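The values are calculated or read from the model by the stated rules, or taken from the named source; none is laboratory data. These numbers were taken from a predicted model, which means no experiment stands behind them. Please note: Cβ atoms are built from the backbone with ideal geometry, for glycine as well, and neighbour counts cover all protein chains shown.
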Ligand code: C2O
Ligand code: CU
């Protein structure tokens with residue numbers, strides 16, 4: 001934990017970008033690795049992936065590159081593709097000078113492959129490797145990322161996208177990955193190294209002032225009229241919630257957090273993604289030849305920031321008409337039933353953080369006569385770093401006693417009540433859950449693995465604990481996770 005000089009505000013305003021930027025980076029020419037799963041294979045069939053230092057041109061081609069850490073030296077790392085049910089075999093070689101692990105976010109995989117240090121595996125030491133081997137049960141959009149020293153390693157770029165393809169191909173013209181991230185850069189383009197500092201941890205987490213799409217400053221996505229794109233949008237930021245929009249187009253949501261949902265068009269086209277969230281869109285390119293449409297995110301001040309564009313080909317349309325309304329994606333083998341009557345029910349209040357007193361809250365409030373974070377009991381988190389708590393306990397989620405134990409097959413109902421001054425993105429490992437309707441009856445028509453719990457709100461979620469092992473529950477705002485907002489549970 002490095003402390004930043006107090007002159008560094010916890011809040012970095014997002015820099016104004018060129019609005020009608022000249023040429024953005026063309027998607028075809030840009031750094032998102034085109035290398036597919038299957039290359040760099042060891043003799044035993046493993047895809048060898050190196051966690052190592054590299055470079056990314058985050059600020060466009062005119063500015064110098066930024067030193068990053070990435071899988072195979074790239075951020076995002078190579079997009080891994082595997083067919084649903086087929087074996088994914090990845091050998092992670094640690095070429096960093098600190099320990100690491102890889103977590104497969106959103107995968108309902110065997111516990112030993114979950115990549116949580118101390119809970120499911122030993123950290124991979126520098127120079128060592130670890131074999132990840134599992135068959136993804138669900139088709140959809142997932143991602144892989146470091147789960148060690150995450151406030152630094154994730155901020156430096158150690159993540160990539162995992163696409164689990166449907167057994168039968170889905171009818172789209174192109175299938176593209178769009179990764180949202182924010183970076184906190186110094187003027188010389190290097191990553192500002194105040195990882196895990198107290199200010200960020202107390203507030204909204206580490207927010208970068210520089211927002212990228214596929215690590216490009218401005219991404220030009222070439223399209224043809226009446227083409228249908230499948231866009232897999234992933235929020236890999238440490239702590240930022242993005243409100244993502246493609247102007248002038250209907251964004252048809254086909255899947256959320258990797259799991260198919262009834263196709264629905266987002267109101268106003270705005271998609272809100274917390275850290276870790278994914279959305280699969282089918283986007284029909286309905287504008288005329290030569291048209292341009294901005295791709296934007298919110299700038300946290302009520303405005304929008306252009307991070308890319310759809311750039312229509314000037315030539316003939318791909319086809320005369322857009323394709324017909326899509327059918328839903330094929331369902332994944334998720335639990336058919338939730339037994340709410342027999343469920344294990346738990347209240348999990350979210351407490352702690354800064355601004356509590358300022359906002360007249362009873363909880364939170366720093367430095368007020370010993371009412372700081374030390375009040376939480378904790379496991380593995382040093383007292384001075386116990387800023388946040390789940391159900392009254394500040395923990396790493398790697399050790400200490402479990403938050404709960406549940407016998408395999410039982411339904412679990414968690415009630416997350418946010419009593420802090422910041423939103424949180426609560427993530428459950430190894431399972432997907434339903435977000436219950438506030439009315440008390442039924443649930444939203446999708447599955448999630450990460451849910452945003454807004455200030456003064458409660459979210460109730462339910463899942464079948466059908467995956468044996470030790471699983472983390474934590475806030476995916478990494479600076480919150482590392483200062484107490486983490487726990488684990490055991491499925492026996
Ligand atoms: Cu995406 Cu515990 O993580
Ligand atoms: Cu949080």
Query raised in the report: Is it true that some residue in the stretch 161-175 is under 25 Å from residue 397 (Cβ atoms) and either surrounded by fewer than 17 Cβ atoms within 10 Å (Cβ to Cβ) or at pLDDT 95 or above (or both)?
Result: yes
Query raised in the report: Is it the case that the stretch 396-403 has a residue that's more than 16 Å from ligand 1 (Cβ to nearest atom) and modelled with pLDDT of 95 or more?
Result: yes
Requested in this report: Just name the residue that is nearest to ligand 2 (Cβ to nearest atom) out of those in the stretch 383-411 that are surrounded by fewer than 17 Cβ atoms within 10 Å (Cβ to Cβ) and closer than 17 Å to residue 351 by Cα.
Outcome: 392
Query raised in the report: Within the set of pairs 6+ apart or on separate chains, which have a first residue in the stretch 88-113 that is under 18 Å from residue 140 (Cα atoms), a second that is at pLDDT below 95 and part of a strand (DSSP E or B), and C-beta atoms under 9 Å apart?
Result: 88/37; 89/41
Report task. Could you please give the count of residues in the stretch 243-269 that are within 15 Å of residue 294 (Cβ to Cβ) and modelled with pLDDT of 95 or more? Result -> 7
Query raised in the report: Before we move on, is residue 484 more than 20 Å from the chain's Cα centre (by Cα) and on the phi > 0 side of the Ramachandran plot?
Result: no
Requested in this report: Would you mind finding the one in 441, 459, 479 that is under 22 Å from residue 395 (Cα atoms), surrounded by fewer than 24 Cβ atoms within 10 Å (Cβ to Cβ) and away from ligand 1 (no atom under 12 Å from the Cβ)?
Outcome: 459
Report task. Scan the stretch 445-453 and give yes if some residue there is part of a loop (DSSP other than H, G, I, E, B), within 16 Å of ligand 1 (Cβ to nearest atom) and surrounded by fewer than 24 Cβ atoms within 10 Å (Cβ to Cβ), otherwise no. Result -> no
**Report entry** Among (1) closer than 23 Å to residue 237 by Cα; (2) within 16 Å of ligand 2 (Cβ to nearest atom); (3) modelled with pLDDT of 95 or more, the one test that residue 446 misses
**Finding:** (2)
Report task. Scan the stretch 326-378 for residues that are over 30 Å from residue 227 (Cα atoms) and either at pLDDT 50 or above or touching a strand residue (DSSP E or B) at 6+ places or on another chain (Cβ under 7 Å) (or both) and report the count. Result -> 33
**Report entry** Failed item in (1) over 20 Å from residue 107 (Cα atoms); (2) more than 16 Å from ligand 2 (Cβ to nearest atom), with residue 420 passing the rest
**Finding:** (2)
Query - Residue within the stretch 292-307 that is assigned to a loop (DSSP other than H, G, I, E, B) and within 30 Å of residue 138 (Cβ to Cβ) present - result: no
